[in-house]
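Below is one structure, written out as structure tokens, with a few remarks after it.
The values are calculated or read from the model by the stated rules, or taken from the named source; none is laboratory data. Predicted model only: the values in this text are computed from it and were never measured. Cβ placement follows ideal geometry from the backbone for every residue including glycine, while neighbour counts extend to all protein chains displayed. The area values use the complete protein model at the heavy-atom level, side chains included, leaving out ligands, DNA and RNA. Shrake-Rupley method; radii C 1.70, N 1.55, O 1.52, S 1.80 Å.
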Amino acid sequence: MTGRARDERTLRGRVAVIGIGETEYYRHGASPDPEFKLALKAILAACEDAGLDPREIDGFSSYSDDRSEASRLAAALGTHRLRSATMQWGGGGGGCSAAVANAAASIVAGLADCVVVFRSLAQGQYGRFGQAAGIHTVSGERSYLMPYGVLAPPQRFAMRVQRYMHEHGVRQEALRAIALASYHHAQANPRAVMRGKPLDVERYDASRWIVEPFHLYDCCMENDGAAALVLVSAERASDFRHKPAYLLGAAFGSGHRAAATAHNAPLYATANFGTVASDLYRMAGVGPSDVGVVQAYENFTGGVVMALAEHGFFRPEKANDFLTFDNLIAPSGRLPLNTSGGNLAECYMHGFELVLEAVRQVRGASASQARRNDVALVIGGPMVTPASNLILGSEATL
């Protein structure tokens, strides 16, 4: 392989997001539309945002076994042809950034020209994520957990976070600051489910425990809706309606034996970004100090603490000093976090709403705009495998 060919093995600056769209976001079970129709609505909204004829789409990418299949979407949209259909394997919401990477790779490899990345959820139609009802048999990790009463995601992830907090002296106030920042930003966001329902210290502290160390407001919502974006090659990006957001880098994976069963991974108290973060920064050609704003997947706030540390924003033992409300809010906090409200307060669209918010930040169109917005980081679901992340940038960063 020539040196030139090796140098070209990157996504940096090769593709751009030209359109974003979403449906109205609903409480779980409240959508008037089925999941497939929600997906179509979000995709059409993204095309309208870009000024793109939906028939030009020739690829689809999603994650977490999204049920809205690419061939059905292509037929419903009347696309001229279908050239690429990718599904990120495993990791649940950990795949939200990987789905964008897979779409970008399809374009760079010449497998497609215009790819939609999306996630659609209708929990009223297919059941809630946060409940374990209706399971008659279990296998894999669940077979080691459910017979002993570890039934739901908060229980599974609380043990990892509690261990991390114990090892590094992280206090509850650090988790609380993340929740407060998300709810603060949601009050400015007309799309946010929790707009008009502000959170303060007293309300957080008085809220019930779900499972220690998670209060009610440390846990994500459960919602119905859909979100989508459109990717094209960088050469075409200026032909569309809005300022492009260029993909500077993306990565996904996990470390050694991250999926060892029965909570037996060598690195137990981790968000699983130890190797993934360095891969991302290497491709993007930036470091933590270059990042102006972060959208970090909060299935639970404790995972955000771990993920931010693993992305190099602070050492774990300094989490209490870094993670304060003032540091995490736009426009001028040290690291504005989840500026749309995120999974906690905008909507739980399995994290894909975070990618859309990163695009808005780069465009300068967020309801809670960060002062430094040329480089925006998205961190997918933590404490799962594979985990994923990405960095978007403005044209000035190329």
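Brief remarks follow.
- Rounded accessible area of Asp200 (nearest 10 Å², 1.4 Å probe): 70 Å²
- Treating each Cα of the range 246-398 as an identical point scatterer and summing with the Debye formula, the log10 of I(q)/I(0) at q = 0.21 Å⁻¹ comes to -1.41.
- On the range 307-372, 45 percent of the accessible area sits on carbon and sulfur atoms, based on a 1.4 Å probe.
- Compactness of the range 344-394 as Cα Rg over 2.2 N^0.38 Å, two decimals: 1.18
- For the range 314-398, alpha-carbon Rg and Dmax in angstrom: 13.2, 36
- Rh by Kirkwood over Cα pairs, then Stokes-Einstein D for the range 5-132 at 0.890 mPa s and 25 °C, µm²/s: 160 µm²/s
- Where the Cα pairs of the range 224-303 fall when distances are cut into 5 Å bins, in %: 3, 10, 15, 17, 19, 16, 11, 6, 3, 2, 0
- Each Cα pair under 8 Å and six or more residues apart adds its separation to the average, and for the range 1-124 the resulting relative contact order is 31 percent.
- Long-range amide H partners of Ala85 with built H, under 5 Å: Phe60
- Paired Rg and Dmax values of the chain, which use every Cα atom, in angstrom: 19.7, 62
- With the largest listed first and rounded to whole Å, the semi-axes of the equivalent ellipsoid of the range 79-236 from the Cα gyration tensor are 34, 23, 17.
- Assigned charges on the beta-carbon of Lys, Arg, Asp, Glu; the chain dipole about Cα centre (debye): 340 debye
- Leading residue at positive end of dipole, the range 163-304 (Cβ point charges), from Asn264, Asn223, Thr301: Asn223
- Remark: spin-label model distance Asp239-Arg163 equals 5.1 nm, labels positioned 7 Å along the Cα→Cβ axis.
- Label zone at Ala365 (point 7 Å along Cα-to-Cβ), backbone N below 20 Å, the range 30-62: 39-57
- Solvent-accessible surface (1.4 angstrom probe) belonging to Ser332, in square angstrom, nearest 10: 80 Å²
- Segment Arg9-Leu151, extension gain: residue separation times 0.36 nm, minus the distance between their alpha carbons: 46.9 nm
- The angle separating the long axis of helix 96-108 from the principal Cα axis of greatest extent in the chain is about 20 degrees.
- Stretch gain in nm, segment Glu24-Met87, where the contour uses 0.36 nm per residue and the Cα spacing is subtracted: 20.3 nm
- For the range 201-339, the Cβ-based charge dipole about the Cα centre amounts to some 360 debye (Lys, Arg positive; Asp, Glu negative; other atoms uncharged).
- Cα-based helix-to-principal-axis angle, 172-186 vs the chain, degrees rounded to 10: 40 degrees
- Given R0 = 25 Å, the distance between the Cβ atoms of Thr261 and Arg171 translates into a calculated FRET efficiency of 0.20.
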